[in-house]
Amino acid sequence: MEKLRTFPCIFLLALAACNNNNRVPTAATISAMNLKQGKTILCGPADKQLGAVSFETSCSGQVKEDFNMALALLHSFEYDEAEKAFAAIIHKEPSCAMAYWGVAMSNFHPLWSPPGKEEFEKGSKAVAIARSVSGKTKRETDYINAIGEFYKENTTHRNRCINFEKAMEKLHRQYPEDNDAAAFYALALNSAADPGDKTCAKQRKAGEVLASLGADRSFHPGVIHYIIHSYDYPALAAMALPAAQKYASVAPSSAHAQHMPSHIFVRLGLWNESIYANKVSGAAARCYGESLGITDGHWDEELHSMDYLVYSYLQQADNQHAKEQYDYLRGIRKIYPETPKVVYALAAIPARYVLENRMWAEAAVLQPHTVAGIDWEKYPWENAIVHFTRALGAVHLGQLETAREEVRTLHRLHDTLVRKEEAYKANQVAIQVKAAEAWVALKEGKNSDALQLMTAAATMEETTPKPPVTPGEVAPARELLGDMLMAMNKPAEALEAYEINLRDRPNRFNALYSAGLAAERSGNAAMARSYYTQLLKTSHATGASRPELAAAKLFLEKNKALAVKM
């Protein structure tokens, strides 16, 4: 990541001048931060239910409840509203050092995209002011110095996250009874985790820290929220189910709290629960956008929920509702703010719809959705999703030269990410490159090369944790390997591939159907019955009408009739 410039020296001079007086920031110094201000906007219960937070500060009792609400907003990643709430405290009581700490934390937003230049400078200024304010307790100073480790100059975003993690570990050890210190330490562990670490060492440690709080975690929004993030991985997801089932009711006034449980629901193949969560969070996001006065566009959180919602509808074979969301997306022309997760959703939703339904003609000509202000060349990973979809579409239509051109584009996007030193995203595109090349090789009659490439892609994908921005890959590599083996008339080997895929992605529609079909063609009627039965049980949505369901029902009816005759 490009290093951020030091904020103007004039700010530090002004801060030093006010320090020589009563060590309370001047109005000019506060104004220079350019804080977000205004009425706190929440779409939920009128009494602002955000969970139980109680944080002791040296600020006056007049702002105690205000601080707790601002902190609760921060714990649910309502960053804009949290900053506004901390800004309101600063307006009431400019000597409240921890309010400036809150501003710095609101502009860090770990687990999301790194702060932009203006956000970084605002956070740096807030840390400097917080340090300058007199009358702080040692605990407050330790909190301020911890976030100050993130805002150090002349290093990378990843190193800043690691610095913050180390500082929060020290703070947690100093104040073991402090629930917020434990929660923020767990969050720091997650933000500093290596995306390529399949063992999830830091995430497991974060979960252990949160679990050690016992009953104290029951209604604390940060503790419950960060448990979900810590266990948002295939092997760990079941451990977060109790938190996922509770978080939305603990913080019903937070749109993010409505959505976040679906990360675990999707991991466990709980499609009804995911659909409900994302319908509620989508409605809250639209409400929030309207309350902000966004009349000609959409708030970014709405798009994130839509991606999870479409994915879940597709796994229930509910094409009607998935298509409604797809059509709604195509009508969106403006989004605020422009964030990577929005661009991801813009690429993924159409790709999912055509690939899950094997609509190869539509896939071959898929175009990036046009939204005002978004330059797709700035988002190589997200752009690659579109070209990967087109490559698969072209291959299945026998348009090999078109497919090869799409592969060349994928190589270009991969190289761009390598130059930008975005290793994780580059690896994601490398998986798509190998998968697309594998299918081209298959159509060229190079079966051995095709299997080698497709197996390599599947192995790479399985050793790389899924990023939290997505409910799942648009086409899992192991599932594509199964499809390839079926095309080679190797159903027994294909069945093994589908079973591995279902281990990490339970109740995926195409994997369940394909596993049943592979078992059927392998002569394993008992296993075919099991997978087809599970498919019908999972895909019970009203209006589910995919032809695979009819095939599964026909097999089960025939086998039932044969069993009766025997």
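Apply the Karplus parameterisation 6.51 cos²θ - 1.76 cosθ + 1.60, with θ equal to phi minus 60°, to every residue of region 328-336 and state each ³J(HN,Hα) to the nearest whole Hz, in sequence, with x for glycine and proline.
After applying 6.51 cos²θ - 1.76 cosθ + 1.60, I find 4, 4, 5, x, 7, 10, 9, 9, 10 Hz.
What 222 nm value per residue comes from the helices of the chain, counting each DSSP H run with n ≥ 4 as -39,500 (n - 2.57) and dividing by all residues, nearest 500 deg cm²/dmol?
Helices in the chain give a 222 nm mean residue ellipticity of -21000 deg cm²/dmol.
Quick one: 3J(HN,Hα) in Hz for region 430-443, Karplus 6.51/-1.76/1.60 with θ = phi - 60°, rounded, Gly and Pro as x.
4, 4, 5, 4, 5, 5, 5, 5, 4, 6, 5, 4, 4, 5
What nm value, rounded to one decimal, do you get for the distance between L236 and E56 when each label is placed 7 Å out toward the C-beta?
3.1
Counting Lys +1, Arg +1, Asp -1, Glu -1, what net charge surrounds A525 among other residues with beta carbon under 12 Å of its beta carbon?
Once positives and negatives cancel, what remains is +3.
How big is D for the chain, in µm² s⁻¹ as a whole number, if Stokes-Einstein is applied with the Kirkwood radius of its Cα pairs at 20 °C and 1.002 mPa s?
85
What order do you get for 331-339, 514-522, 457-465 when each peptide is scored by the mean count of other beta carbon atoms within 10 Å, highest first?
Highest to lowest by the protection proxy: 514-522, 457-465, 331-339.
Please give the Cα centre distance for region 112-166 versus region 207-274, rounded to the nearest Å.
That distance is 27 Å.
Go through 255-266, 105-116 and give me the packing order, highest mean Cβ count within 10 Å leading.
Order by mean packing, descending: 255-266, 105-116.
Taking 0.36 nm per residue of separation and subtracting the Cα-Cα distance, what length does fully extending S545 through K138 add?
Length difference between fully extended and current span is 140.2 nm.
Taking +1 at the Cβ of each Lys and Arg and -1 at the Cβ of each Asp and Glu, which of Y247, F219, Y231 sits farthest along the dipole of region 155-286 towards its positive end, judged by Cα position relative to the Cα centre?
Value computed over the given set: Y231.
Taking 30 Å as R0, compute the FRET efficiency from the Cβ-Cβ separation of K560 and E324 and round it to 0.05.
Efficiency, rounded to the nearest 0.05: 0.30.
Which value, in debye to the nearest 20, describes the size of the charge dipole of region 339-475 about its Cα centre when Lys and Arg Cβ atoms bear +1, Asp and Glu Cβ atoms bear -1, and nothing else is charged?
80
Of the listed pairs K117/K334; K92/K138; K84/K205, which have alpha-carbon separations greater than 30 Å here?
Listed pairs above 30 Å: K84/K205.
Computed FRET efficiency, Cβ-Cβ of R408 and A526, R0 41 Å: what is it to the nearest 0.05?
That pair, R408 with A526, gives E of 0.35.
Which angle between 0 and 90 degrees, to the nearest 10, do you get for helix 509-521 versus the longest principal axis of the chain when only C-alpha atoms count?
It is inclined by approximately 30 degrees.
Compute, for the chain, the length of the dipole vector about the Cα centre, with Cβ point charges of +1 (Lys, Arg) and -1 (Asp, Glu) only. Units Debye, rounded to 20.
420
Ranked by Cβ crowding within 10 angstrom, fewest neighbours first, how are E406, E382 ordered?
In order of increasing Cβ crowding within 10 Å: E382, E406.
How would you order 162-171, 356-365, 306-315 from highest to lowest mean count of nearby Cβ atoms within 10 Å?
Final packing ranking: 306-315, 162-171, 356-365.
For H298, list long-range residues whose amide hydrogen, built 1.01 Å from N in the peptide plane, is under 5 Å from its own amide hydrogen.
For H298, whose amide H was placed from the backbone, the distant partners under 5 Å are K334, I335, Y336.
Using only alpha carbon pairs under 8 Å that are at least six residues apart, calculate the relative contact order of the chain and give it in whole percent.
Over the chain, the number comes to 10 percent.
Cross-link partners among lysines for K198, C-alpha distance below 21 Å, same-chain residues fewer than 8 apart left out?
K425, K434, K466
Just how many % of Cα pairs in region 187-269 lie over 21 Å apart, if you round to the nearest whole percent?
Every Cα pair in region 187-269 considered, those over 21 Å come to 23 percent.
Taking 0.36 nm per residue of sequence separation and subtracting the Cα-Cα distance, how much length would be gained by fully extending the chain between M460 and D296, in nm to one decimal?
54.9 nm
If you take the beta carbon distance between Q174 and T26 as r and set R0 to 56 Å, what does 1/(1 + (r/R0)^6) give as a FRET efficiency, to the nearest 0.05?
The formula returns an efficiency of 0.95 here.
Want the number for Q367 to R419: 0.36 nm per residue separation, take away the alpha-carbon distance, what's left?
16.2 nm
Just so you know, all these numbers are worked out from the coordinates, no wet-lab data involved. The shown structure was predicted, so the numbers you read here are calculated from the model rather than taken from an experiment. In this analysis, Cβ positions are derived from the backbone assuming ideal geometry, glycine residues included, and neighbour counts consider all displayed protein chains.
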